[in-house]
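The values are calculated or read from the model by the stated rules, or taken from the named source; none is laboratory data. Worth saying up front: this structure is predicted, and the values here are computed from it rather than measured. Glycine also receives a Cβ, built like all others from the backbone with ideal geometry; neighbour counts cover every protein chain displayed. For accessibility, only protein heavy atoms count, side chains too; no ligands or nucleic acids. Shrake-Rupley method; radii C 1.70, N 1.55, O 1.52, S 1.80 Å.
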Amino acid sequence: MQSFALSTIFILISLSSLSIVVSSSKPLNPCNDDFLHIQAYKQMQNQTNTTQCKKLSSLQAQFAWNYHKTSHNQTQLNILIGTKLITTTGWLAWGINPDLPRMVGTRAIIAVKVPSQITPSVNTYNITKDIQLGCKLQPSGIDFMVQNMTVVDDKNVGFFSVFATLVLPQRYNVSSLNHVWQVGYCVDGLEPKMHEASLGNLDSKEILDLETGDCQNIGQHRRHMRKVHGILNIIGWGTLLPIGVIVARYFKQFPIKLDPCWYYFHYSCQVVGYILGTAGWGLGLFLGHESKYYTFHSHRVLGICIFGFTTLQILAFQFKPTQEDEYRKHWNVYHHFLGYALLVMIPVNIYKGIKLLKPDNITWKWTYNGILVLLGVVVLAFEILTWAVFLYKKCCKKTVEESSPRRVEIEEDSKGQTNEGSSPRKTEVEE
């Protein structure tokens, strides 16, 4: 049984590793037609036929650029970034970092739109450590020249985009440019406020080669590890453990008695589910350890509680009292309480994990919705069967009792003539 679970884990991890290799060898992911028809993109193409365009890895953002060297050995870079920002309030940011592919230290261009202004505003900003600690984000100068900053809010295609021309000094390497992007929906006046803490927001950075279009996606490896983490926990904790509970409830005695097969199947589901879920949980701890700048407290705490409860459930099998033991009823209460508590905690935490993948979580959400609906239909069918069998047996028992002969003893006095010590006369009456 354990070898089967370990083989399953190995297959899942192998498939994930294969997907990493395949994804890393993909060519430049071209932009879609809506983005290519933006007027700013057409103007970039008119300037030079070397304009490149690609879909970025998160936040549904798309990015176009071209560049050339100036007479002062500087780089003039034209950029256009856009995303589907269909809300009336929000902001879009793009920037480059001379040191590392991260938000702190980035020289950014941020466009802000609010309902009170017809034309969105756009400015340059320095993203410092103080901003991360909660200080106000105010427009400021940066260490290179930025020209022709333009914001286009095309409501027909839903793209909110920013165009700008940058003149980069030699310290910015065009063959490995650290660029980051961000989308937020909270604005205080014209000040951009904190973006969402979803994984898509936290992975929006990469190292780009402006000449070839090749990129080193910083969050790519972590995204594939998250997929394995999610698959293991959905299969192990989210599917096999509930199946084990269903087997114990409906096949132990009533309405279908499969003794002792139900126990072996129940135990197998719990053990295999525990092994897969624990592997996914351990991978989640590793991902949390690798995430230096953010943590998801509620998801982490619930995961630890689920691991603790499932471990206690597995240990309960080893220390289960016999049927005759006086402590068996207490063991049953403990085992059932933890089991039903897990049935509540597991879906809650899985949905919390799926929410972190926003906005790329639609497939995950509908897949797990389908699993829960299927399990719910099975439970409903067995519950209906349970009540049907119970009511049928109750009705049959009542009918048998009413149709069976009832013996009634009637003691007669024989008109008071019974001799002393004689037995009373009994008459059988069949009703």
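Computed quantities for the displayed model
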| quantity | calculated |
| --- | --- |
| Residue order for Met44, Met345, Met194 - accessible surface, 1.4 angstrom probe, largest first | Met194, Met345, Met44 |
| Long-range amide H partners of Phe159 with built H, under 5 Å | Asp154 |
| Cα shape, region 39-132, gyration tensor, a/c 1.5 rule | oblate |
| Solvent exposure, largest accessible area first (probe 1.4 Å, DNA, RNA and ligands not counted), of Glu324, Glu191 | Glu324, Glu191 |
| Residue-by-residue Karplus 3J(HN,Hα) for region 296-304, coefficients 6.51, -1.76, 1.60, Hz, glycine and proline x | 10, 5, 5, 5, 5, 5, 4, x, 5 |
| Tyr267 - accessible surface, heavy atoms, 1.4 Å probe, Å² rounded to 10 | 60 Å² |
| Label-point gap, in nm, between Asp259 and Asn29 - each point 7 angstrom along Cα→Cβ | 5.7 nm |
| Accessible surface, per residue, of region 33-216 when the full set of protein chains is kept, probe 1.4 Å, Å² | 46 Å² |
| Region 264-278 and region 294-320: distance between their alpha carbon centers, rounded to Å | 14 Å |
| Full-stretch length increase - Ile86, Lys320 - with 0.36 nm per residue and alpha-carbon distance subtracted | 78.4 nm |
| Portion, in percent, of the accessible area of region 220-394 that falls on carbon or sulfur, probe 1.4 Å | 71 percent |
| Accessible carbon and sulfur surface of region 33-216 relative to its total accessible area, %, 1.4 Å | 49 percent |
| Hydrodynamic radius by Kirkwood, which averages 1/r over all alpha carbon pairs of region 33-216, in angstrom | 16.5 Å |
| Spatial separation of Cα centroids for region 57-116 and region 137-160, in angstrom | 8 Å |
| Probe 1.4 Å - accessible area at His335, Å² to nearest ten | 30 Å² |
| Contour excess over end-to-end distance, with Cα ends at Ser176 and Asn148 and 0.36 nm allotted per residue | 7.7 nm |
| Most to least accessible of Lys113, Lys393, Lys155, Lys55 (protein chains only, probe 1.4 Å) | Lys155, Lys393, Lys55, Lys113 |
| Cα centre as origin, Lys/Arg/Asp/Glu Cβ charges: region 214-350 dipole, Debye | 280 debye |
| Rounded to the nearest 10 Å², the accessible area of Asp325 at probe 1.4 Å | 60 Å² |
| Cα-projected label distance for Gln39 with Lys69, points at 7 Å along beta-carbon direction, nm | 3.5 nm |
| Over 23 Å between alpha carbons, listed pairs Lys84/Lys227; Lys42/Lys205; Lys205/Lys358; Lys129/Lys227; Lys54/Lys136 | Lys84/Lys227; Lys42/Lys205; Lys129/Lys227; Lys54/Lys136 |
| Dimensions (Å) - region 220-394, Cα atoms, principal axes, largest first | 60, 33, 23 |
| Computed E for Val389/Asp99 - FRET, C-beta separation, R0 56 angstrom, nearest 0.05 | 0.20 |
| Heavy-atom surface of region 220-394, accessible at 1.4 Å and reported per residue (Å²) | 58 Å² |
| Pairwise label distance in nanometres, Gln117 with Ile246, each label 7 Å out on the Cα-Cβ vector | 5.5 nm |
